[in-house]
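The values are calculated or read from the model by the stated rules, or taken from the named source; none is laboratory data. Note that the coordinates shown come from a computational prediction; the quantities given were computed from them, not determined experimentally. Note that we place each Cβ from the backbone using ideal geometry, even for glycine, and neighbour counts take in every protein chain shown.
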Protein chains: 2
Amino acid sequence: MARKTGSHSDITGPRVRAAAQTLFARHGFAAVSMRQIAKDVGVQAGALYLYTKDKQSLLFDLMKGHLEELLEAWQLHHPNSIGPMEDLEAFVRFHIGFHADRQEAVFIAYMELRNLDDDNFSVVEGLRKQYENVLGGILKNGQDTGIFAVPDTKLATLAVIAMLTGVNTWYRDGGRLDRETVQSIYWDMVRNSVAA
Amino acid sequence: MARKTGSHSDITGPRVRAAAQTLFARHGFAAVSMRQIAKDVGVQAGALYLYTKDKQSLLFDLMKGHLEELLEAWQLHHPNSIGPMEDLEAFVRFHIGFHADRQEAVFIAYMELRNLDDDNFSVVEGLRKQYENVLGGILKNGQDTGIFAVPDTKLATLAVIAMLTGVNTWYRDGGRLDRETVQSIYWDMVRNSVAA
DNA sequence: TGTCTATATGAACATACGTTCAGTTCAAGA
DNA sequence: TCTTGAACTGAACGTATGTTCATATAGACA
């Protein structure tokens, strides 16, 4: 879509996505116009269509990109299972850390699901389920080996993810509690709530 | 704004709010037009302005009404403190039950905050804080009397509320788990995560 | 130097928006 | 029967929307 030699830009595409991400997170997908995005990029609205098919694709690319990055980052952070307790601790700390670094993307990823059209929703939903299954697998494994005592692993999965993702509504770098403290406190709570 | 004797309606106002609530919950405030709401009510768009000042007030009234009802219902459900453990259990069961009955209103109340204008946001934010303080007070009380062991009551409050409110993303009446089961499982998890 | 092409403009398209308002309808009270 | 007034319509208001496209610009390569 762009490029041939080292021409002008190559960074305008990313700048469009960055502007869209900030605006979507702040005001919501439906409330943001292509003209507002263009203004933030420093370009006219028509030029955006050199970098995205349409507004819907802009949203979809952001969400898909975020979730793929999340899954990759987990693989990198914890490539092999060690044991249920260790895996769970790694997951809790990873989730909080990763999400603290990407507040806008996280916010969009679970606030704007209803603005995806059907096909795009299926893709994003699939990726989200994949991530839930990471935690689900850890809990199930711990339950089977008697290390955890959760009456219903599916429900516990959702409960823990909701609790962890809730951190994003209030955590800010430089706030009252630093990241490691938050991770440790949440790890305590999660461990207590599932340990046998 | 309406009425004098038993004239025609008196129920059209509520019907407008009901239609708005369903549509806002399903598609988001910004994505719903006054004409769509009117269509669901069975009336032309102009007629809506007999029952609401403008679209913004429609949203504000829904959110304020929901939160006021929530606070009242808690007072009714648990008017006096019994003890930290009993209060917390009552809160967990109440929260899950109340929210299961009002999924649309709950969804709107924490998805559409950013679409409130400044004054309305302050009011709603105040009511939300009041409700958080209910749980915050219980946890602090339990911490002070040594019944709970939470390193940070403010953080624990937010963590527990996030976990409980997360129920709304998947719970449906008639689903795999009935309401009492869900309440009991969550109560177990919450108790374990804060008990000394 | 001249050509090519990615990058961008800015005007235009049809459609939709929230809101207002003059006018119509019609049941109830006198 | 006539009057009143609340309930409602339907058209209009100005503005905004997502998207397209003919046209301009200007840097890279031959």
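Details
- Restricting the stretch B:181-196 to residues that are more than 8 Å from chain A (Cβ to nearest Cβ) and over 22 Å from the mean Cα position of the chain (by Cα), the residue that is surrounded by the most Cβ atoms within 10 Å (Cβ to Cβ): B:ARG191
- Taking the criterion of being at the interface with chain A (Cβ under 7 Å from one of its Cβ atoms) and either more than 16 Å from B:ASN133 (Cα to Cα) or touching a Pro at 6+ places or on another chain (Cβ under 8 Å) (or both), the only residue of the stretch B:146-158 that qualifies is B:PRO151.
- The residue that is farthest from A:MET111 (Cα to Cα), counting only those in the stretch B:26-44 that are surrounded by 14 or more Cβ atoms within 10 Å (Cβ to Cβ), small (Gly, Ala, Ser) and near DNA strand C (Cβ under 9 Å from one of its atoms), is B:ALA38.
- Selection of helices (runs of 4 or more DSSP H) fully inside the stretch B:1-103 by the criterion of at least 3 residues being within 15 Å of DNA strand D (Cβ to nearest atom) and without any contact (Cβ under 8 Å) to a residue 60 or more places away in the chain returns B:12-27, B:34-41.
- Out of A:LYS64, A:LYS53, one residue alone is away from DNA strand C (no atom under 15 Å from the Cβ) and under 24 Å from A:VAL124 (Cα atoms). It is A:LYS64.
- For the stretch B:86-95, the criterion of being surrounded by 20 or more Cβ atoms within 10 Å (Cβ to Cβ) and farther than 25 Å from B:TRP170 by Cα is satisfied by at least one residue.
- Scanning the stretch A:162-181 for residues that are in contact (Cβ under 8 Å) with a residue 24 or more places away in the chain and either over 23 Å from A:LEU67 (Cα atoms) or of a type in the set (Asp, Glu) (or both) turns up just one, A:ASP173.
- Top-ranked residue of the stretch B:159-180 - restricted to ones that are touching an Asp or Glu at 6+ places or on another chain (Cβ under 8 Å) and more than 17 Å from A:TYR110 (Cβ to Cβ), ranked as nearest to the other protein chains (Cβ to nearest Cβ): B:LEU177
- Selected residue (only one of B:HIS99, B:HIS77 is in the same structural domain as B:ARG172 (by TED's automatic domain parsing), crowded, with 16+ Cβ neighbours inside 10 Å and not aromatic (Phe, Trp, Tyr)): B:HIS99
- The selection criterion, being assigned to a helix (DSSP H, G or I), of a type in the set (Gly, Ala, Ser) and not assigned by TED's automatic domain parsing to the domain that holds A:PHE29, does not hold for A:GLY175.
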